[in-house]
Every structure is written in C-alpha cells, then in structure tokens.
1. Restricting to region 188-215, what's the tally of residues that are in contact with a Phe, Trp or Tyr (Cβ under 8 Å, 6 or more places away or on another chain) and within 16 Å of Gly171 (Cβ to Cβ)?
2. Regarding Val168, is this residue among the aliphatic types (A, V, I, L, M) and under 14 Å from Leu83 (Cα atoms)?
3. Restricting attention to region 201-218, and to residues there that are farther than 22 Å from Ala119 by Cα and of a type in the set (A, V, I, L, M, F, W, C), which single residue is surrounded by the most Cβ atoms within 10 Å (Cβ to Cβ)?
4. Of all residues in region 115-128 being out of contact with any Phe, Trp or Tyr (no Cβ under 6 Å at 6 or more places or on another chain) and surrounded by fewer than 17 Cβ atoms within 10 Å (Cβ to Cβ), which is nearest to Arg172 (Cα to Cα)?
5. Of everything in region 48-69 that's without any contact (Cβ under 8 Å) to a residue 12 or more places away in the chain and under 15 Å from Thr97 (Cα atoms), which residue is surrounded by the most Cβ atoms within 10 Å (Cβ to Cβ)?
6. So Met45 passes all but one of these: (1) surrounded by 14 or more Cβ atoms within 10 Å (Cβ to Cβ); (2) out of contact with any strand residue (DSSP E or B) (no Cβ under 7 Å at 6 or more places or on another chain); (3) part of a helix (DSSP H, G or I). Which condition number does it fail?
7. Taking only region 100-118 into account, find how many residues are in contact with a Lys or Arg (Cβ under 8 Å, 6 or more places away or on another chain) and touching a residue at least 24 places away in the same chain (Cβ under 8 Å).
8. Among the residues in region 93-109, are any of a type in the set (Val, Ile, Thr), under 30 Å from Glu202 (Cβ atoms) and surrounded by fewer than 20 Cβ atoms within 10 Å (Cβ to Cβ)?
Amino acid sequence: MSSQPAFQPDEEFLLADESDPAQIELDVAPAREPHPGFDAIKRAMDITGALAVLILTAPIWIVAIAGILITSGRPIFFGQQRLGYRGKPFTCWKLRTMIPDAESRRNEVLHLNTTGGHAFKSPDDPRLTKFGKWLRAYSIDELPQAWNILTGDMSLVGPRALPIVENVYVGRQQERLSVRPGLTCTWQVSGRSEITFDRWMEMDLDYVDHRSIPRDIVLLARTPIAVLARRGAM
C-alpha cells in the first residue's frame, strides 16, 4: 500500500523537509513469520486496534487540537519522513509539539542528546512548546499514527520508526527494519528515553527474534500503564 499521505499538507499540516540529502532507503530482508497466519492475525489486530484508538480517544483529540491552536497556532499536525518496513521511507504523522521551524534547527540542539546514540532525545530541547511537552508526557502526540497503522505503514506493536537521519546502525541493528514499525514495543514500556541507544537496539532485535501474538498482547496491555507513569517520556 502506498505510503503517501491521504491528504495534502496545507496550513493544518507541517511536513519535514524531504530534500535532505541524508535521506536514504535501506534494503532490508523481511523477517520470517513465526508461524503460518501470523501476519494476517497481526494485521487484523492492527486494523481493529487503530480504529478503536481513533474512536476512544476522540475527546482527547479535541482537547489536543484546541490546545495547539490556542498556545502556538497552526499547523496542528506534523509529518516526518521515517524509515519503515524493509527500510522504505514513509510519512509518520504526529500532533505538532515543537515550533514550526524545529527541523531546520536540529543541528543547534544535537549536543543536548541523552541517548548515547544517533536517535535524538533530550528533556531540555528548547524547540518544544509548553503545551507540546504536556502532549509528549502522555504520548498524546502519537495518536495520529493510528492513521499510519490503518494504511499499513505501521503496526500496533513493533520497533519505533526513527527519522531518516537517525537510521545509522552497526552489526544486526538494521534488522529492526525487517518488521513494520509500531506504536509501542519493549522500549516504550521499559523506560523509553532512560534507556541507552545500544540497549534500545537490543530490545528491538529481541522483539524481532521472538515475535508472537501473546507477546504483542502483553506489550499492548503494558502500554497504558507506561504512558500514565510517564517514565522516560520526552
């Protein structure tokens, strides 16, 4: 299925610059199904779960959109190019939590990175808006990714998709791209930004190597608890 957004960006949508020469496409072989029918069951769970998220969080969307408009104006949504399944780029959608020119100022804040790797995370990122910090604290900014799940670019459970410039791997690490990226996974329920980059990659590879429907269900059940605990949220 096409990874192109179903709507064209206007004053409500902000797309990260797609002309970045660092944007690449990796050729990663797909992971084998743990058992026959696994992919079909997982896809059915994804569609059902994404629809449930959109319906059940409707009141939260209203509060979030109103808050963005009141505190920092438009755009409301932010689309960023990330590497997904088999290393193919797709547009990952989020509620905007940063100032509109945040992408162009990325190099100004790289020294604040706390992950010890190429993925950028910082509790002191000056590009975040005050309301955006609150959205991130409870992962509300991630809700639009339900659309990415419905289009097939993402799954409910899988390694977190990283911005293209952050996809720098050693050894087996790029095998995390052999499955669809997810809204949640082991890293998200284990401390998130408190975890070093290398340990994060180990968690993702462990998920890839030991995927199962029961494991996905456990991770989904742990996710609301992790979100409310706000551990490692940035």
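Taken together, the values in this text are just the output of simple stated rules run on the coordinates, not laboratory data. What you see is a predicted model, and the numbers here were worked out from it, not measured in a lab. So basically every Cβ, Gly included, is an ideal-geometry build from the backbone, and we count neighbours across all protein chains shown.
1. 4
2. Yes.
3. Out of the qualifying residues, it is Ile213.
4. At the first step, the residues of region 115-128 found to be out of contact with any Phe, Trp or Tyr (no Cβ under 6 Å at 6 or more places or on another chain) are 118, 120-128.
Next, from what is left, pick out any that are surrounded by fewer than 17 Cβ atoms within 10 Å (Cβ to Cβ): 118, 123-124, 126.
Details: His118: 16, Pro123: 29, Asp124: 31, Pro126: 34 Å.
My answer is His118.
5. First, the residues of region 48-69 that are without any contact (Cβ under 8 Å) to a residue 12 or more places away in the chain: 48, 52, 55-56, 58-59, 62-63, 66, 69.
Adding the requirement that they be under 15 Å from Thr97 (Cα atoms) leaves 63, 66, 69.
Values: Val63: 11, Ala66: 12, Leu69: 14.
Only one residue tops the list, namely Leu69.
6. Evaluating Met45 over (1) surrounded by 14 or more Cβ atoms within 10 Å (Cβ to Cβ); (2) out of contact with any strand residue (DSSP E or B) (no Cβ under 7 Å at 6 or more places or on another chain); (3) part of a helix (DSSP H, G or I) leaves (2) as the failure.
7. Going through region 100-118, the residues in contact with a Lys or Arg (Cβ under 8 Å, 6 or more places away or on another chain) turn out to be 102, 105, 109, 113-115.
Checking the rest, the ones that are also touching a residue at least 24 places away in the same chain (Cβ under 8 Å) come to 102, 114-115.
Number satisfying all stated conditions: 3.
8. Our first condition is that a residue be of a type in the set (Val, Ile, Thr); within region 93-109, this holds for 97, 99, 109.
When the remaining residues are screened for being under 30 Å from Glu202 (Cβ atoms), the result is 97, 109.
Next, from what is left, pick out any that are surrounded by fewer than 20 Cβ atoms within 10 Å (Cβ to Cβ): 109.
Within region 93-109, one or more residues are of a type in the set (Val, Ile, Thr), under 30 Å from Glu202 (Cβ atoms) and surrounded by fewer than 20 Cβ atoms within 10 Å (Cβ to Cβ).
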